[in-house]
1. What are the residues in segment B:140-151 that are open to solvent by 30 Å² or more (accessible area, probe 1.4 Å) and more than 16 Å from the ligand (Cβ to nearest atom), if any?
2. At least 3 residues that are farther than 27 Å from A:SER279 by Cβ, open to solvent by less than 40 Å² (accessible area, probe 1.4 Å) and basic (Lys, Arg) in each: list the strands (runs of 3 or more DSSP E) lying fully within segment A:76-148 that qualify.
3. So which residues in segment A:219-263 are within 14 Å of chain B (Cβ to nearest Cβ) and either within 22 Å of A:PRO101 (Cα to Cα) or part of a strand (DSSP E or B) (or both)?
4. So in segment A:273-288, with the set limited to residues that are more than 8 Å from every other protein chain (Cβ to nearest Cβ) and assigned to a loop (DSSP other than H, G, I, E, B), which one is modelled with the lowest pLDDT?
5. With respect to A:TYR190, determine if the residue is closer than 21 Å to A:ARG135 by Cβ and among the hydroxyl-bearing types (Ser, Thr, Tyr).
6. Pairs only if they're at least six apart or on different chains, beta carbon under 9 angstrom, first in segment B:69-80 and of a type in the set (A, V, I, L, M), second open to solvent by 50 Å² or more (accessible area, probe 1.4 Å); list them, first residue then second.
7. Checking the condition open to solvent by 10 Å² or more (accessible area, probe 1.4 Å) and out of contact with any Asp or Glu (no Cβ under 9 Å at 6 or more places or on another chain), which residue from A:ARG165, A:ARG183, A:ARG243, A:ARG195 passes?
8. Give segment B:157-202 a look and list any residue that's free of Cβ contacts under 8 Å to residues at least 40 places away in the same chain, within 9 Å of the ligand (Cβ to nearest atom) and open to solvent by 40 Å² or more (accessible area, probe 1.4 Å), or say none.
Amino acid sequence: MLIKIGKKSDLKESEVTPQSLFDQRRQFIKKAAGYSVAAATLSLPFSAMAALNLNPFQKENSSLSDELTARKHVVSYNNFYEFGTDKKDPAAHAGSLKTDPWSVTVAGECAKPGVYALEDLVKPHAFEERIYRLRCVEAWSMVIPWIGFPLADLIKQMQPTSKARYVEFTTLHDPQQMPGQKRSVLDWPYIEALRMDEAMNPLSLMAVGLYGEVLPNQNGAPLRLVLPWKYGFKSIKSIVKIRFSETQPRTTWNLSGPGEYGFYANVNPEVDHPRWSQSRERRIGEFRKRKTQMFNGYAEEVAHMYRGMNLKRNF
Amino acid sequence: MSFKWYLTWLFKPLLFVVCLLPAVLLGYDAYTDALGANPIEEISHITGDWSLRFLLITLTVSPLAILFHARWLNRFRRMLGLFCFFYVCLHLANYVVLDQYFDWPEIYKDIIKRPYISVGFAAFVLLIPLAITSVDKLVELMGKPRWLKLHQLVFVCAVLGVLHYLWVVKADILEPGIYGFILIVLMLFRVWHRRSQANVKV
Ligand code: HEM
């Protein structure tokens with residue numbers, strides 16, 4: 001199993017308060033914007049935290065050779081169509097995204113709707129590092145050490161009503177900051193959604209960092225989802241809105257290609273994309289393809305949520 | 001020295017080197033590990049792009065020769081066409097060797113089941129006779145009319161190539177769209193030209 005969850009009990013109050021470090025770091029960014037020398041110092045807060053209470057990745061923990069994907073690849077190769085459709089575009093163009101200040105609107109079927117400053121939204125939660133496999137629908141994959149907190153904690157904080165059966169997430173829509181949105185490749189803004197039980201699953205992570213640092217813009221700063229058992233496009237980036245809904249929301253890729261991208265988008269080697277096979281994947285950094293695992297290897301944690309469902313039809 | 005001399009001994013070798021540049025650059029980037037996180041995919045994209053570009057460039061030669069009354073341009077056509085085939089071969093070799101690593105059952109399944117691979121493969125197969133019959137001796141042996149007829153296949157290849165690209169992309173059809181547009185213009189030019197020639201005869 002490839003999840004490293006730092007035990008909260010390990011964390012001594014006096015030593016670190018991740019939230020304050022997070023705030024500090026964001027303050028730092030404000031002050032040090034434009035100074036590349038600052039990078040090393042800036043990376044300190046999270047890595048110090050990681051050293052204190054987060055186990056480094058342990059190889060023997062995994063049945064597969066799931067080595068971390070090199071950071072340089074994680075931050076230079078991904079899909080984030082808001083910055084262009086080439087996988088090099090996000091790293092090249094995400095500089096125009098301003099993540100501070102940032103606020104998130106919470107709406108719909110919950111007791112605590114409102115507009116939250118990012119700092120206030122994350123304040124009540126302890127951060128932890130989690131190493132997850134990420135499987136893109138394009139049949140490549142990575143292993144990434146994320147920093148974040150359980151989505152379930154955030155949802156509980158908002159006190160959804162009994163009517164809330166789905167959670168919908170929306171990415172920032174601002175073509176000035178996100179030049180890829182100047183072309184209507186997708187129906188902006190990007191929207192993703194989960195069934196409530198999926199959102200409450202302990203694997204679902206609200207990420208604010210990776211590799212011991214605050215999220216780089218191109219990886220979905222300042223707040224993104226990570227759902228390791230689903231194809232990458234479900235893990236929505238740069239979230240500005242969270243809405244609780246009684247009905248199943250319409251999601252962006254599903255609208256773009258209903259026959260190719262389902263609402264669930266669970267990693268499934270047995271259900272091919274209509275145009276290519278999903279049975280194998282290329283792990284970035286490796287030469288030979290490897291077999292794709294059911295639910296990306298997280299069946300133990302998530303398979304129960306889909307029991308009795310026809311996964312061919314609900315792809 | 002005559003224009004013909006320059007053509008044979010300067011322009012052609014120069015063009016040869018220029019056409020080889022993308023491959024040289026690709027080789028250099030591969031050697032220096034500058035192809036990014038997913039080098040095999042990058043090679044596939046670069047060789048695929050150049051295959052289609054050379055195919056369309058080849059098809060642009062005779063319209064240019066007609067428009068500018070520069071028949072000598074046609075002397076570059078064969079080389080350009082063969083460069084298209086060269087990049088297609090690299091593209092295919094990358095797929096078979098690096099991407100699939102000689103997994104023949106998987107390759108067979110791809111060709112049968114994946115429309116974009118089927119179409120790309122069809123284009124490749126159709127390009128083979130065109131490449132082979134580019135030899136002077138064979139042109140003679142076939143006779144020019146039959147040779148010309150065979151080489152009409154290049155339009156089928158181009159359509160399949162564009163379709164192949166169109167089916168590769170997930171949502172952004174801009175680039176294959178541009179190639180498709182160019183191909184349509186090139187084909188319309190030929191229709192127009194044939195018509196106008198027929199009119200002249202009448
Ligand atoms: C047996 C024949 C062929 C095979 C197996 C093949 C396979 C592929 C594959 C696997 C990709 C990459 C898909 C991706 O991961 O994005 C691709 C892309 C492409 N191929 Fe082919 N192909 C073949 C023939 C051709 C031919 C004949 C042409 C052109 C005349 C061509 C032009 C392209 C182009 C333009 C791309 C897109 C490159 C890009 O995204 O920038 N291919 N092909």
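1. Our first condition is that a residue be open to solvent by 30 Å² or more (accessible area, probe 1.4 Å); within segment B:140-151, this holds for B:140-142, B:144-151.
Of everything in segment B:140-151, those that are open to solvent by 30 Å² or more (accessible area, probe 1.4 Å) and more than 16 Å from the ligand (Cβ to nearest atom) turn out to be B:GLU140, B:LEU141, B:MET142, B:LYS144, B:PRO145, B:ARG146, B:TRP147, B:LEU148, B:LYS149, B:LEU150.
2. Qualifying strands (runs of 3 or more DSSP E): none found.
3. Result: A:ASN219, single match.
4. A:PRO274
5. Yes.
6. Once the first residue is of a type in the set (A, V, I, L, M) and sits in segment B:69-80, its partners that are open to solvent by 50 Å² or more (accessible area, probe 1.4 Å) give B:ALA70/B:LEU64; B:LEU73/B:LEU64; B:MET79/B:LYS12; B:MET79/B:PHE16; B:LEU80/B:ILE57.
7. Answer to the check: A:ARG195.
8. The answer is B:GLU175, and nothing else.
The values are calculated or read from the model by the stated rules, or taken from the named source; none is laboratory data. Quick caveat, the model's predicted, so the values are computed rather than measured. Backbone-built Cβ (ideal geometry, glycine too); neighbour counts: all protein chains shown. With ligands, DNA and RNA removed, areas are computed over all heavy atoms of the protein, side chains included. Shrake-Rupley method; radii C 1.70, N 1.55, O 1.52, S 1.80 Å.
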